[in-house]
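So the structure is just underneath, and the comments pick up after that.
The values are calculated or read from the model by the stated rules, or taken from the named source; none is laboratory data. Just so it is clear, the model here is predicted, and its values are computed rather than measured. Note that each Cβ is placed from the backbone with ideal geometry, even for glycine, and that neighbours are counted across all protein chains shown.
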Amino acid sequence: MWVIVGRTQCNFCDSAKSVLKGMNIQYTEYHVDSPSSRWLLTLIRQANHRSVPQIFDDGGNYIGGYSDLIKHLNLE
């Protein structure tokens, strides 16, 4: 299952979810502003990422952000 690490009220996060839904790709999402998922913010910062969404495919491979997702899925 794909993973989207994002936050609430994030247009790029919402767009990434829409793209995956439109392609019938299942995903789970974590919000860095949720108390139960705040630990992910630490991991993202340690990886020198400064924005959301951070997207991983169903094999655990790091895709990147929204623009990277579009390129990865050959939708540009």
Within segment 17-39, residues being out of contact with any strand residue (DSSP E or B) (no Cβ under 9 Å at 6 or more places or on another chain) and under 14 Å from Ile63 (Cβ atoms) number 2
Restricting segment 35-50 to residues that are loosely packed, with under 13 Cβ neighbours inside 10 Å and small (Gly, Ala, Ser), the residue that is farthest from Arg7 (Cα to Cα): Ala47
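Going by the conditions given, is Val3 in a loop (DSSP other than H, G, I, E, B) and of a type outside the set (S, T, N, Q)? Spell out how you get there, then give the answer.
Details: in a loop (DSSP other than H, G, I, E, B): no; of a type outside the set (S, T, N, Q): yes.
The answer is no for Val3.
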Candidate set from segment 62-76 (those that are over 14 Å from Ile4 (Cβ atoms) and either in contact with a His (Cβ under 6 Å, 6 or more places away or on another chain) or part of a loop (DSSP other than H, G, I, E, B) (or both)); member that is modelled with the lowest pLDDT: Glu76
Can you tell me which residue is farthest from Leu69 (Cα to Cα) among those in segment 29-56 that are outside any helix (DSSP H, G or I), more than 9 Å from the chain's Cα centre (by Cα) and among the polar types (S, T, N, Q)? Ser34
Taking segment 51-69, which residues are crowded, with 16+ Cβ neighbours inside 10 Å and under 14 Å from Ile25 (Cα atoms)? Ile55, Phe56, Asp57, Leu69
Given the structure, is Asn24 exposed (fewer than 14 other Cβ atoms within 10 Å of the Cβ), without any contact (Cβ under 8 Å) to a residue 24 or more places away in the chain and either over 17 Å from Met1 (Cβ atoms) or touching a Gly at 6+ places or on another chain (Cβ under 6 Å) (or both)? no
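Which ones in segment 14-28 are part of a helix (DSSP H, G or I) and either farther than 16 Å from His72 by Cβ or of a type in the set (D, E, K, R) (or both)?
Going residue by residue through segment 14-28, those that are part of a helix (DSSP H, G or I) are 14-22.
Hits for segment 14-28 are Asp14, Lys17, Lys21.
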